[in-house]
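Q: Let me give you the structure first, and then I'll get to my questions.
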Amino acid sequence: MEETKATNVQVGDTIQINKGTKKGSKGTVIVVRDSSVIVELGKNPNTGEPIRTVINHKNYKAL
């Protein structure tokens, strides 16, 4: 049996980070997991690679 919790964000939504080293940053949700989301914050200007981070559900606000 797989339990799923209802979160207030979906893939493609924009969020603002409230806690941690990336506080105040805005990003786009890529993956929603049970207790966290993976967010793309932008692109590295030198390499062009995406800047991504994992944020716990209690550490962001949906915009």
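Q: Can VAL9 be described as buried (at least 16 other Cβ atoms within 10 Å of the Cβ), part of a loop (DSSP other than H, G, I, E, B) and hydrophobic (A, V, I, L, M, F, W, C)?
A: Numbers: buried (at least 16 other Cβ atoms within 10 Å of the Cβ): yes; part of a loop (DSSP other than H, G, I, E, B): yes; hydrophobic (A, V, I, L, M, F, W, C): yes.
Here the answer is yes, as VAL9 does meet what is asked.
Q: Could I ask something else about it? In region 33-63, which residues are of a type in the set (A, V, I, L, M, F, W, C) and in contact with a helix residue (DSSP H, G or I) (Cβ under 9 Å, 6 or more places away or on another chain)?
A: Step one: of region 33-63, the residues of a type in the set (A, V, I, L, M, F, W, C) are 37-39, 41, 51, 54-55, 62-63.
Answer for region 33-63, where residues must be of a type in the set (A, V, I, L, M, F, W, C) and in contact with a helix residue (DSSP H, G or I) (Cβ under 9 Å, 6 or more places away or on another chain): just VAL37.
Q: Could you say whether any residue in region 51-61 is surrounded by fewer than 15 Cβ atoms within 10 Å (Cβ to Cβ), in contact (Cβ under 8 Å) with a residue 40 or more places away in the chain and not in a loop (DSSP other than H, G, I, E, B)?
A: For region 51-61, residues surrounded by fewer than 15 Cβ atoms within 10 Å (Cβ to Cβ), in contact (Cβ under 8 Å) with a residue 40 or more places away in the chain and not in a loop (DSSP other than H, G, I, E, B): present.
Read-outs: derived from the displayed coordinates by stated rules, not from any lab. The model shown is predicted, which means the values in this text are computed figures rather than measured ones. With ideal geometry, Cβ positions are generated from the backbone for all residues, glycine too; neighbour counts draw on all protein chains shown.
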